[in-house]
Amino acid sequence: MAQDKVMCDIGFIGLGVMGKNLVLNLADNGYRIAAFDLNDEKVNDVIEQDKYENNSAEQRVYGCSSFTELLARLTPPHLIVLSVPAGSPVDQVCESLIGAGIQPDDIVIDTGNSLWVDTVAREEKYKNNFILFSSAVSGGEVGARFGPALMPSGSPYAWTRIKPIWEAIAAKVDEKSGKPIERTKPGEIVTQGEPCTAYIGPAGAGHYVKMVHNGIEYADMQIICEAYHVLRAGLSLSPDQIADIFEQWNKGPLDSYLMEISVEVLRHKIDDKTPLVDLILDKAGQKGTGLWTAMSSLELGTPAPTIAQAVYARSISSFKTLRVEAAQVLSGPETNKLSQSEQDEFVAHLHDAIYCSKICAYAQGFQLMKLAEKQHGWQLNFASIAKIWRAGCIIRAVFLQPIADAFERNETLENLMLDEYFAKQLNEHQMNWRKSVAEATLMGIPIGAISSALSYFDSMRLAVLPANLLQGQRDYFGAHTFERTDMSAGKKFHVEWSSDDKEMISIN
Ligand code: 6PG
């Protein structure tokens, strides 16, 4: 039991990279924290770092060696933040808190990337023990430290208590320019601007939205990586030359955090000469949120091919040994070196291909959230979600402002591509996009995400698709019936394919 009688505002469990930085962020914003981790070193580390960064004599983080001690440090009703890995660790902590005497009006906030259905089940499971609230955090360690994007959902009562804290620690956007307000130093706080957090909806909605954020993140990353690949392997440009191109692109509509960090990674050298990127093994890891997004799109029957392709691209990359073997057996096309002017044109095409593919990836993500909203009876505010993502999170980009504007213009917008601004962008830039897909394909460089986005665009904009033949095939082998364009909707037909006269029967 704590001997010094100092009471804290918030209990914090889990001091990994994200947890530690969130604690320091909370402390900077004036909250006193009771911190716990299974590893005592991590507890001491965050206390020491806070003391070092906070020059005043006042202690802001207090270590606890048990959940009982943590609860005793807090004034009821307790407010506890969890930053533990998604899955069973969340339940283990919840059960231990029950053992330590947590009360029904206490609030526990899960900030991890939990699967949204687990969050819904947990809220129900623990409702007689405490209020489980969820708020996924995006922004990596720097975001957590100096302002993440936060996607809270669950009990509206709990949100009234959490809101001022979340608004204080979240990233902020300048209301006029829509641009992030920089906060980079310990001790610094930002009190003006629009906070990158807003109540998303009931239990699970916030985690669903964060999952889709990650799905879009996968697509965004893969699109940039494909552009890199085309420039590196197709044009034989050096990482520095590619960084120069990306830096240029980052001044226009592609201006984004992911483009910015790609430039830094491309420029990084080992021993001042070898580009690190040339030494990084080309096998991508994944924790599962992109896969969950793709799975959800398949379950709901809404297309998100660019997101799914980004997940597949990671899977294909992991077959390194097989790819090395295949490289000995399977050949690609012969290619010619491009002249400087052809190369410049190629780069301009590629720019537009990335831009249009990015629009499609976001269109897929937002349409998926729209379908999920209908399915689960949520009331998502898409303009607000786009605004939350303008700063702090991994997909932050200038691009998010026109998305927010599009949903402000039309709250019921079914697909981003139909918004007047984005339709104009796609219509104007599509020829370069097409050329880029053709050029990369002729070079034998895989651009699955970029080309899947183009197919998505073409499929969504065509009033007639070949599903007529598909329905014919289904009817042929399985008597699955079909509708006719020249008959009233809903009327079903079947052809007796095996009979001599191929009679057509009206089913209803
Ligand atoms: C964020 C990121 C983060 C992400 C992990 C890695 O918003 O801060 O999306 O939550 O999950 O950094 O994810 P993968 O291992 O799946 O790439």
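No value in this document is a laboratory result; all are computed from the given coordinates. Here the structure is a predicted model, which is why all the values come from computation and not from measurement. Positions of Cβ are backbone-derived with ideal geometry, glycine not excepted, and every protein chain shown enters the neighbour counts.
Okay, here's what the table says:
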read-out	value
Residue-wise HN-Hα coupling along region 434-445, computed from phi with Karplus coefficients 6.51, -1.76, 1.60 (Hz; x: Gly, Pro)	4, 4, 4, 4, 5, 4, 5, 5, 5, 7, x, 9
Net length gained if the chain between D40 and K269 were fully extended (0.36 nm per residue, minus Cα distance)	78.8 nm
H480, H349, H429, H376 arranged by Cβ crowding within 10 Å, fewest neighbours leading	H480, H376, H429, H349
Viscosity 1.306 mPa s, 10 °C: Kirkwood-radius Stokes-Einstein D of region 207-460 over Cα pairs, µm²/s	84 µm²/s
Those GluC sites (Glu not before Pro) in region 386-459 that DSSP places in a loop and that have at most 10 other beta carbons within 10 Å	E411
Extension gain, V6 back to D405 (0.36 nm per residue minus Cα-Cα distance, nm)	138.9 nm
Average projection area in nm² (convex hull over Cα atoms of region 410-470, one quarter of hull surface)	5.7 nm²
q = 0.08, 0.11, 0.13 Å⁻¹, the chain: log10 I(q)/I(0) [Debye, one scatterer per Cα]	-0.59, -1.01, -1.26
Per-residue Cβ neighbour rank within 10 angstrom, fewest leading, M369, M460	M460, M369
Value at 222 nm in deg cm²/dmol, rounded to 500, when DSSP H runs of n ≥ 4 in the chain each add -39,500 (n - 2.57)	-16500 deg cm²/dmol
Loop-exposed trypsin sites (Lys or Arg not before Pro) per DSSP, neighbour cap 10 Cβ within 10 angstrom, longest uninterrupted part of the chain	6-175
Under-5 Å amide H pairs with I109, H placed in peptide plane, nonlocal only	I80, V81, L82, F133
P(r) tail fraction, region 467-506 - alpha-carbon pairs more than 13 Å apart, %	49 percent
Low-density loop cleavage sites - GluC sites (Glu not before Pro) in region 288-386, where at most 13 other Cβ are within 10 Å (DSSP)	E334
Reachable lysines from K435, criterion Cα separation under 20 angstrom, eight or more residues apart if same chain	K337, K358, K424
Antiparallel content of DSSP bridges confined to the chain, in %, to 5	40 percent
Dimensionless Rg/Rh of region 262-314 - Kirkwood Rh, Rg from C-alpha atoms	1.21
Phi to ³J(HN,Hα) by Karplus 6.51 cos²θ - 1.76 cosθ + 1.60 over region 203-219, Hz, x for Gly, Pro	2, x, 4, x, 5, 5, 5, 5, 4, 5, 3, 5, x, 5, 4, 4, 5
Cβ-placed point charges (K, R +1; D, E -1), dipole of the chain about Cα centre in debye, nearest 20	360 debye
Likely footprinting exposure, S436, S488, S384, fewest C-beta neighbours within 10 Å first	S488, S384, S436
Nonlocal amide H pairs with L74, under 5 Å, H built at 1.01 Å	C8
Whole-Hz couplings from phi, Karplus 6.51/-1.76/1.60, listed for region 73-80; x for Gly and Pro	7, 10, 7, x, x, 6, 10, 10
Cα-Cα over 31 Å, subset of K163/K370; K125/K210; K20/K269; K179/K210; K269/K387	K269/K387
Label point distance in nm, N29-E260, each placed 7 Å from Cα along Cα→Cβ	2.0 nm
Region 1-60: GluC sites (Glu not before Pro) falling in loop per DSSP and having at most 14 other Cβ within 10 Å	E58
Antiparallel bridge percentage (DSSP; both residues within region 26-177; nearest 5)	30 percent
Overall Cα dimensions of region 170-238, principal axis frame, Å, largest first	47, 33, 26
Two-decimal Rg/Rh across region 11-127, once Rg and the Kirkwood Rh are taken from alpha-carbon atoms	0.97
